[in-house]
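The values are calculated or read from the model by the stated rules, or taken from the named source; none is laboratory data. Predicted, not measured: the structure shown is a model, and the values here were computed from it. Here the Cβ positions follow ideal geometry from the backbone for every residue, glycine too, while neighbour counts run over all protein chains shown. Areas reflect the complete protein model, heavy atoms only, side chains present, ligands, DNA and RNA absent. Shrake-Rupley method; radii C 1.70, N 1.55, O 1.52, S 1.80 Å.
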Amino acid sequence: MTHQVHAFEPPERFVAGTVGPPGERTFFLQARGGGRVVSVALEKVQVSLLAEKLEELLSEANRRFGVKLPDPPLSATDNEPLDTPVDEEFRVGTLGLAFDVDTATVVIEAIAAGEAEAEIELSGAEADLEDEPDAVGEDAIDEDEEPDPDLDRLRVRLTPEATREFIDRARRVVAAGRPPCPLCGQPLDPAGHLCPRHNGYHR
């Protein structure tokens with residue numbers, strides 16, 4: 001079966017968002033443009049790592065190529081919910097990042113999980129971005145093995161300013177979940193919390 005590449009270069013909107021109440025949230029990346037909306041599901045840790053690695057990629061582009069770093073937004077630029085209906089196109093197994101020097105843009109690829117995906121972890125492997133021969137300064141958030149080239153993928157191309165706005169929102173989305181227990185750091189549930197620091201008593 002031919003794989004699909006959902007390309008938005010650039011998107012009208014590209015954000016991280018969630019569906020569901022705290023403790024039961026499903027995380028999504030959503031791109032909109034040209035009358036299309038594509039939503040892909042992923043784990044909270046992937047959203048957090050994506051924001052972190054994008055920050056590092058911008059810093060590396062500044063150091064190596066003199067790309068001007070945009071200032072952090074003074075206020076939230078996009079607090080709107082995800083566009084509805086939120087239809088999951090696929091679940092993300094691999095996230096690849098690259099900086100294109102020729103266009104001074106950040107390229108993000110979210111690649112579908114294969115049938116036998118390993119546990120998500122941060123890898124030092126380079127991202128294999130199709131049709132990006134000039135991509136440099138690459139980092140990947142991926143599995144131990146290279147992703148299957150026949151897997152579906154979502155590709156977006158962002159300016160450094162749009163990348164900074166994505167990072168800001170992604171971090172707010174991650175932080176908007178259940179507050180941590182001040183003693184053990186685990187998320188607090190509305191119905192109570194079995195704190196190991198209190199021998200399992202509810203707090």
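Only one of the numbered conditions (1) in a strand (DSSP E or B); (2) in contact (Cβ under 8 Å) with a residue 60 or more places away in the chain is not met by S39, and that is (2). Among the residues making up the stretch 7-50, those that are surrounded by 15 or more Cβ atoms within 10 Å (Cβ to Cβ), basic (K, R) and more than 15 Å from I167 (Cα to Cα) are R25, R32. Restricting A41, A16 to residues that are within 15 Å of V173 (Cβ to Cβ) and in contact with an Asp or Glu (Cβ under 6 Å, 6 or more places away or on another chain) narrows the list to A41. Checking the stated criteria, L54 turns out not to satisfy the condition of being open to solvent by 20 Å² or more (accessible area, probe 1.4 Å), part of a helix (DSSP H, G or I), among the aliphatic types (A, V, I, L, M) and touching a strand residue (DSSP E or B) at 6+ places or on another chain (Cβ under 9 Å). Restricting attention to the stretch 60-110 and to residues that are farther than 19 Å from R171 by Cβ, more than 18 Å from the chain's Cα centre (by Cα) and among the hydroxyl-bearing types (S, T, Y), the residue that is most open to solvent (accessible area, probe 1.4 Å) turns out to be T84. A single entry from L74, L54 fulfils the requirement of being out of contact with any Leu (no Cβ under 6 Å at 6 or more places or on another chain), modelled with pLDDT under 95 and among the aliphatic types (A, V, I, L, M): L74.
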